[in-house]
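Peer 1: Can you read through this structure? Questions will come right after.
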């Protein structure tokens, strides 16, 4: 059945059941992915899926429900479940069904060219990527992941206050991981690229990057346990920022899960630190013209010269703080309830080259990779202790690769201990949001090794 | 769940381009999630996941397609598109489904959807109040309640036709303790392959108190020292070390392509001879159990390492072909959106001979990890890391002060040779394990163990 018709039936049935304001959120997506192993297509996957979510206010309490089995018979169940859910809600801060913003920015997130690329072309690219990686060096013993995927998504919000918004986007993604061996020493590395268009891919570039990186770890060993100054490479830094990005959510601040409470207008980072959330970034995977509540997106500065300027808000958190929503209402999918999340959030790059930053270190570590971010970082306290890899730097030069170490610190302290910011902004693999950082030189990091 | 005639037609269409095996997976799942924050039900969402996955093999090539459109035309169209990826000549296939019968090892007393939401809220509140009342230092408590009822059907071109119902119930309590401008957390998240009867079997108040006790203890803890020391890891979720250090490396997913450090080690010694490591999907009503796996094979008790010798891997159908070995009932997937592959179910170190007291008394200096957080592993190198949620110093054979912020890192094959004591107090903990076929519920378990030396990453230079 057509969505326009279905949503009318849902609203009608919901009204009869006592719901006042209601919303129907619809998402559909399709994807293609393939994986190659030793020249053969090892994995090939296609999908087409979607679901609808219902959200409605019953005596000012918001009830949620969703279904992936979309047909007329689902309507009754959707409303019944949402009603049950609304009846147990106790939080009095009401969620708002939004009538719409004055103005929405135009965004162009869909590449028609990408949709027309043939499957053969995609398969050829991924085979070429694997071949290139094997041919780079004879110490490459295994390309254990060589993946291409593309994804197309459309979301729609309709509500009883007259809002009717939709947006379509697509992205293309490639990931490769390589295992190298010299004698009994085995090392691995990975690399990825995300674009809006297929033509931007360059197999040679990606293959060289992953193999160079894996080879650079051969002979890695732990370093002496002590306090170091580190150069946290861009992607590792973006991963760390992504882990702690939740501290900027007004929802977390209001619920006592972020230490940024009452910190607006105060210095929370070094004077060179600027953090921006830009939903209109051209290559931003999380770019959008409206958020999950239908509020128009806007570009905001969270931190300027180290001073906390604002938090990320949805309609409910904004009402509680007496401010306007910043357009960061977020639902993971039609299966989620309303929270707050960044769009494309990044630390603004500085002017320093990577090489200059290394030359400026007497003794220190370059940290290229962090592991265990889901477990070794406490997003409430800011404490982290993470397995890491990288290189040892002495007298401004890289001496040897390093592994089997951990770096430990506190994220709130890290923000203040940033000494130099690089020019090399890069983004981490996207999750709920798309988070980026340049390489950062940070003092006072506890390193455990030997 | 889906008409048998339609299933037959889908499989025939899927094989029409020369595939030599086709499988259909149908999933119909009801989820409920309720969150209480600060004593108030903050949100409650429930819904239905429904979808169909079609898998085709030709040799070792595999094609997977999924959709949640459920009408005949859309499904046949999906099968055609999947078949397009296979280029061969059609083989003669005769389909003869035999319904696979088994004894239900995971009986359910109260299906979650038969229980009112108010009753669920009562349980949440009980846990909340126990956690909140534990101490004045507790500044926030978040309780997440989850239940689901997943019905699956697997049918394949070899005639397998099997159904299973998985009902899982879990409550996750997170307490935050605050003092000045500092916060620490503690959490407990018990779960089982059970319905609402789970709450007759456990006392959620105990778990609430325990979560708060951890948070308050950590508020008083000093930063953990860094360096290489003996580490004692207690039972239950402590087993996450083996899950990461060697469990993932024993999954066919990485063994078949020889990208695991445990490939080609069958029958060889891989650990000290006191180590026996088992994956058992048949433990009645355990969090990681199911009657059949997601390829329709019965789950099994698989001995992976016995007295230090590598005895087996966890193997799914596709990799069984690659490895020339039998399947082990280990194929799992998060949902119809994932092709299944070999995964852990309930994985544990078998019980040993030492008492916990003996282990601590015999340790001159080290770290005692009472509760572990999660971790991860690079299966290619065997390097793993995991976080200690609640830790203590051990000095002169006695438990010392609590320490915070410790991460343990090491190398899987290496650490297996450093296990020098195993306790007699085997218990399990529940987790969600994320890998290629998505996030699946897994039990980890062990008795208390001691590792003679492991790198501890903390923030203090003092010992």
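Peer 1: Taking just the alpha carbons, could you work out the radius of gyration and Dmax for the stretch A:52-188, both in angstroms?
Peer 2: Cα-based Rg and Dmax for the stretch A:52-188 come out at 24.4, 70 Å.
Peer 1: When the chain is fully extended, how far beyond the present Cα-Cα distance does residue A:135 get from residue A:333, taking 0.36 nm per residue of separation?
Peer 2: 67.2 nm is the gain from fully extending residue A:135 to residue A:333.
Peer 1: Please give the calculated 222 nm ellipticity per residue for chain A, where each DSSP H segment of at least 4 residues contributes -39500 (n - 2.57) and the sum is spread over every residue; nearest 500 deg cm²/dmol?
Peer 2: Taking each H run of at least 4 residues, the total per residue is -6500 deg cm²/dmol.
Peer 1: By what distance, in whole Å, do the Cα atoms of the stretch B:394-435 stretch along each of the three principal axes, largest value first?
Peer 2: Principal-axis extents of the Cα atoms in the stretch B:394-435, largest first: 40, 25, 24 Å.
Peer 1: What three numbers, in Å, describe the spread of the alpha carbons of the stretch A:228-289 along their principal axes, ordered from the longest?
Peer 2: Reported extents, whole Å, longest axis first: 41, 33, 21.
Peer 1: Would you please state the base-10 log of I(q)/I(0) at q = 0.10, 0.16, 0.17 1/Å for the stretch B:1-148, with intensities from the Debye formula using one equal scatterer on every alpha carbon?
Peer 2: Log10 of I(q)/I(0), two decimals: -0.58, -0.89, -0.95.
Peer 1: Once Rh for the protein assembly as shown is found with the Kirkwood sum over Cα pairs, what is the Stokes-Einstein diffusion coefficient at 25 °C and 0.890 mPa s, in µm²/s?
Peer 2: D = 86 µm²/s.
Peer 1: Oh, and also: If you average the sequence gap of Cα pairs under 8 Å that are 6 or more apart and divide by the length of chain A, what percent do you get for the contact order?
Peer 2: 16 percent
Peer 1: Continuing with this model, one more query. Compute the normalised compactness of chain B: alpha-carbon radius of gyration over 2.2 N^0.38 Å, N being the residue count.
Peer 2: 1.04
Peer 1: Quick one: Cα convex hull volume of the stretch B:90-175, Å³ per residue?
Peer 2: Each residue corresponds to 148 Å³ of Cα convex hull volume.
Peer 1: Now for a separate question. How long, wide and thick is the stretch B:305-394, going by the Cα atoms along their three principal axes, in whole angstroms, largest first?
Peer 2: The Cα atoms of the stretch B:305-394 stretch 50, 30, 24 Å along their principal axes.
Peer 1: Please state the equivalent ellipsoid semi-axes for the stretch B:227-457: what are the square roots of 5 times the Cα gyration tensor eigenvalues, largest first, in whole Å?
Peer 2: They are 30, 17, 16 Å, listed largest first.
Peer 1: Return the FRET efficiency for the residue pair residue B:101, residue A:118: r is the Cβ-Cβ distance, R0 is 56 Å, and the value is rounded to the nearest 0.05.
Peer 2: For residue B:101 and residue A:118, the calculated efficiency is 0.75.
Peer 1: Once both labels are modelled 7 Å past Cα along the beta-carbon direction, what's the residue B:129-residue A:181 spacing in nm?
Peer 2: 6.1 nm
Peer 1: Assuming a ≥ b ≥ c are the square roots of the Cα gyration tensor eigenvalues, decide whether the stretch B:151-196 counts as rounded (a/c under 1.5), prolate (otherwise, with a/b larger than b/c) or oblate.
Peer 2: Cα axes put the stretch B:151-196 in the prolate bin.
Peer 1: Test of understanding: express the Cα radius of gyration of the stretch B:191-319 as a ratio to 2.2 N^0.38 Å, with N the residue count.
Peer 2: So the stretch B:191-319 has a normalised radius of gyration of 1.34.
Peer 1: At q = 0.11, 0.13, 0.18 Å⁻¹, what log₁₀ I(q)/I(0) does the stretch A:226-448 have when each alpha carbon counts as one equal point scatterer in the Debye sum?
Peer 2: -0.52, -0.72, -1.31
Peer 1: Return the ratio Rg/(2.2 N^0.38 Å) for the stretch A:112-216, where Rg is computed over Cα atoms only.
Peer 2: Compared with the compact-globule rule of thumb, the stretch A:112-216 sits at 1.43.
Peer 1: Let me ask you something else. Between residue B:401 and residue B:272, what is the label-point separation in nm under the 7 Å Cα-to-beta-carbon projection?
Peer 2: Going from the residue B:272 label point to the residue B:401 one covers 2.9 nm.
Peer 1: Rank these for me by crowding, A:119, A:160, B:407, going from fewest to most other beta carbons within 10 Å.
Peer 2: A:119, A:160, B:407
Peer 1: Quick one: compute the contact order of chain B, relative version, from alpha carbon pairs under 8 angstrom and 6+ residues apart, as a percent.
Peer 2: 16 percent
Peer 1: With a cut-off of 8 Å between alpha carbons and a minimum separation of six or more residues, what is the relative contact order of the stretch A:227-329 in percent?
Peer 2: So the answer I get is 25 percent.
Peer 1: Quick one: Debye curve from the C-alpha atoms of the stretch B:377-448, no solvent, what's log10 I(q)/I(0) at q = 0.25 Å⁻¹?
Peer 2: After summing over all Cα pairs, the log10 values are -1.40.
Peer 1: So what is Rg over Rh here for the stretch A:362-427, counting just Cα atoms and using Kirkwood for Rh?
Peer 2: Rounded to two decimals, Rg/Rh equals 0.99.
Peer 1: Treating the angle as unsigned and between 0 and 90°, give the value, to the nearest 10°, between the Cα long axis of helix A:74-87 and the longest Cα principal axis of chain A.
Peer 2: Approximately 80 degrees, to the nearest 10.
Peer 1: P(r) for chain A, please, calculated from all Cα pair distances in 20 Å bins and given in %.
Peer 2: Over chain A, the share of Cα pairs per 20 Å bin runs 23, 51, 25, 2 percent.
Peer 1: Gain in length, residue A:60 to residue A:304, computed as 0.36 nm per residue apart minus the alpha-carbon separation, to one decimal in nm?
Peer 2: Additional length available on full extension: 84.1 nm.
Quick note: the coordinates plus some simple rules give every number you see, no bench work behind them. Computed from a predicted structure; not experimentally measured. Don't worry about glycine lacking a Cβ; one is built from the backbone with ideal geometry, like all the others, and counts go over all protein chains shown.
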